[in-house]
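The next block holds one structure in the form of structure tokens; read it before the comments.
The values are calculated or read from the model by the stated rules, or taken from the named source; none is laboratory data. These figures come from a predicted structure and were not determined experimentally. FYI the Cβ positions are ideal-geometry reconstructions off the backbone, even for glycines, and counts take in every protein chain you see.
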Amino acid sequence: MARILPDVSRTFAEYLLLPGLTRQEHVPRNVSLAAPMAAFKRGDGTPAGRFHLNVPVVSASMQAVSGVDMATALARQGGLAFVFCSQSIEDQAAMIARVKAHKAGFVRSDTTIHPSSTLRQLLAVQKRTGHSTAAVTEDGTNAGKFLGIITDKDFWEYEDNLDTPVSDHMTPLEKVIHGRVGISLAEANRLLHRHKKECLPVLELDGRLNSLVFKKDYVDHMNNPHELLDADKRLAVGAGINTHDYKERVPALVAAGVDALAFDSSDGYSEFQHDAALWIREKYGDKVVVGGGNVVSAEGFRYLAEDAKLDFVKVGIGGGSICITREQKGIGRGQASALMDVVKARDELYERTGRYVPICSDGGLANDTQVIIALAMGADFVMMGRYFAMTAESPTPKVSIGNRIYKPYWGEGSNRARNWQRYSEDGGEAGNGKLKFEEGVDGYVPVVGTVPEVLGVTLAKLRATMCNLGSLNLSEFSDNATLTMVSEQSIVEGGTSNIIRPETTFGDRE
Ligand code: IMP
């Protein structure tokens, strides 16, 4: 006979936090938002483990959310994007490589030109890479003998003869301030500062180009103190993977420099995911961070965390804003109930084995409060799709509808994404390219601002609430959290009452 759980499925909107004692030191500037993403053993330098986020937020592996611009913007804020896997292996690996080209410090030049190339050819290269500074080398490669530098300030596109060679317009080596290999980043930045330059080429002893150091990167770094970087000071980036082509996809992503992988599946409690996870672990050991899911029960979590040895587990089925899995297939669970069950299983696993497997609350976070409640309930970090689809950095074009600006947003299980490896014809994992039913919808979301703008507000609220609860880091926050369930009437009470608000009176927000 079927088992019926005694409790009803609860959602985040049904809970509120009670403040704890706020001491003098509990001020936002003292709060750390670092969150583990890789599993770690007790005593292994916790809480960071092998890999950690500087802010507890990642973007969903979705076509309408996580491309190169999102990955760059989110890593700059201390989070991580999971570049979507519903595309060819080559295209996804190329996206990862483009994010990894953003290195704080020494950059391998991707805009290099031969001295006899024309200005017209240079313009084409600059357009392709989006970079205005090009190194001129004897053989036109980024490891060739360095001859000079040319930027868009050295010629006028509509005045100069575009058929003249680059060598006529470049600043030649003898006039270029440059460094030698071995120079420290601090020295390189000092040279840029002293000579009022934008770019410092670093040369090998035999005169070949090694790398470039940009003033812009220094400024970026100073503006983004939480930037999430790898050991080589390159921006960190994640990638979605599936249980079908992982034997080809994962090696290509690892070669491109990916920092964390996550299986993208609506139901991850499966042998397909287990076998794929163990294959990756066998091949790469602890070098690659691999997460999976999604699950909504303690059993599902234990299977993926213990048997499949995953680094983190995503929780959530059916809560996503574009998700119709619950109505199509009848599977899912209220996100708060699912999360609390899995948090208990994570803590029990840690007690029993000393292995801590972080949890990601994925999907259905409708506002900043719900992000805060999810973290208070014990999620180590959250994954969001709609939230990021609404930003300037999502990969979709803006469209004007009525008198507002929107962006399209669609589920990975919608016909539009045709992610056949995730949502197969029979709803299982054995995809054949055709969808008999959809698990996601296709719609529009309003444009709200840039990633730094919206995330800045969300994280400011999170830090403030953490101070209300007397906590300086996320594990203290969930340890200190006392939650209460709310009645429908108390939700009404929580809104404003008996005042006139312009947007409701004049209706210009609809
Ligand atoms: P959101 O933040 O509420 O928009 O939810 C994003 C999450 O929804 C993703 O991280 C996925 O777990 C999930 N998701 C993405 N596409 C689909 C779909 O087509 N159907 C069901 N769930 C989806």
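Evaluate the following for LYS287: is it of a type in the set (D, E, K, R), under 14 Å from ALA379 (Cβ atoms) and either at pLDDT below 95 or within 13 Å of the ligand (Cβ to nearest atom) (or both)? No.
From PHE82, PHE51, grab the single residue that is aromatic (Phe, Trp, Tyr) and away from the ligand (no atom under 16 Å from the Cβ). Result of the check over PHE82, PHE51: PHE51.
Quick check on this structure: which one of ASN210, ASN224, ASN294, ASN242 is under 29 Å from LEU365 (Cβ atoms) and either away from the ligand (no atom under 16 Å from the Cβ) or among the hydrophobic types (A, V, I, L, M, F, W, C) (or both)? Walk me through how you get there before you give the answer.
Details: ASN210 fails: under 29 Å from LEU365 (Cβ atoms); ASN294 fails: either away from the ligand (no atom under 16 Å from the Cβ) or among the hydrophobic types (A, V, I, L, M, F, W, C) (or both); ASN242 fails: either away from the ligand (no atom under 16 Å from the Cβ) or among the hydrophobic types (A, V, I, L, M, F, W, C) (or both).
Answer to the selection: ASN224.
Tell me whether the range 67-90 contains one or more residues that are more than 22 Å from PHE381 (Cβ to Cβ) and touching a helix residue (DSSP H, G or I) at 6+ places or on another chain (Cβ under 7 Å). Don't jump to the end; show me each part of the working.
So the first thing to find is which residues in the range 67-90 are more than 22 Å from PHE381 (Cβ to Cβ), and the list is 86-90.
Now drop any that are not touching a helix residue (DSSP H, G or I) at 6+ places or on another chain (Cβ under 7 Å), which leaves 89.
Yes, the range 67-90 has at least one match.
Inside the range 406-418, residues that are part of a loop (DSSP other than H, G, I, E, B) and more than 8 Å from the ligand (Cβ to nearest atom) make up a count of 3.
Among the residues of the range 391-409, just one is more than 17 Å from VAL65 (Cα to Cα) and among the basic types (Lys, Arg), namely ARG404.
For every residue, the table says whether it meets (1) surrounded by fewer than 19 Cβ atoms within 10 Å (Cβ to Cβ); (2) within 20 Å of MET95 (Cβ to Cβ); (3) acidic (Asp, Glu); (4) more than 22 Å from the chain's Cα centre (by Cα).
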| site | (1), (2), (3), (4) |
| --- | --- |
| HIS195 | yes, no, no, yes |
| GLY207 | yes, no, no, yes |
| VAL213 | no, no, no, yes |
| ASP232 | yes, yes, yes, no |
| GLY268 | no, no, no, no |
| HIS274 | no, no, no, yes |
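Give me a count of the residues in the range 274-298 that are part of a helix (DSSP H, G or I) and free of Cβ contacts under 8 Å to residues at least 40 places away in the same chain.
The initial filter retains those residues of the range 274-298 that are part of a helix (DSSP H, G or I), namely 274-284, 298.
Still in the list and also free of Cβ contacts under 8 Å to residues at least 40 places away in the same chain: 274-284.
Count: 11.
With respect to the conditions (1) over 25 Å from the mean Cα position of the chain (by Cα); (2) assigned to a loop (DSSP other than H, G, I, E, B); (3) farther than 21 Å from VAL313 by Cβ, SER32 falls short on a single one, namely (1). For GLY300, the test of being away from the ligand (no atom under 11 Å from the Cβ), closer than 21 Å to PHE381 by Cβ and not β-branched (Val, Ile, Thr) is passed.
Taking the criterion of being of a type outside the set (A, V, I, L, M, F, W, C) and surrounded by fewer than 18 Cβ atoms within 10 Å (Cβ to Cβ), would at least one residue in the range 73-81 satisfy it? Even if it seems obvious, please write down each step before you answer.
From the range 73-81, those of a type outside the set (A, V, I, L, M, F, W, C) are 76-79; that's our starting set.
When the remaining residues are screened for being surrounded by fewer than 18 Cβ atoms within 10 Å (Cβ to Cβ), the result is none.
Checking the range 73-81: not a single residue is of a type outside the set (A, V, I, L, M, F, W, C) and surrounded by fewer than 18 Cβ atoms within 10 Å (Cβ to Cβ).
To keep it simple, each residue is scored yes or no on (1) closer than 27 Å to THR72 by Cα; (2) touching a Lys or Arg at 6+ places or on another chain (Cβ under 6 Å).
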{"site": "ASP163", "(1), (2)": "no, no"}
{"site": "SER184", "(1), (2)": "yes, no"}
{"site": "ARG194", "(1), (2)": "no, no"}
{"site": "GLU198", "(1), (2)": "yes, yes"}
{"site": "PRO201", "(1), (2)": "yes, no"}
{"site": "LEU229", "(1), (2)": "yes, no"}
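Among the numbered conditions (1) of a type in the set (Gly, Ala, Ser); (2) in contact with a Ser or Thr (Cβ under 8 Å, 6 or more places away or on another chain); (3) surrounded by fewer than 22 Cβ atoms within 10 Å (Cβ to Cβ), the only one that ALA134 does not meet is (3).
Residue count for the range 259-273 satisfying the condition of being part of a helix (DSSP H, G or I) and either within 16 Å of the ligand (Cβ to nearest atom) or polar (S, T, N, Q) (or both): 1.
Taking the criterion of being over 25 Å from THR458 (Cα atoms) and out of contact with any helix residue (DSSP H, G or I) (no Cβ under 8 Å at 6 or more places or on another chain), the only residue of the range 354-394 that qualifies is GLY354.
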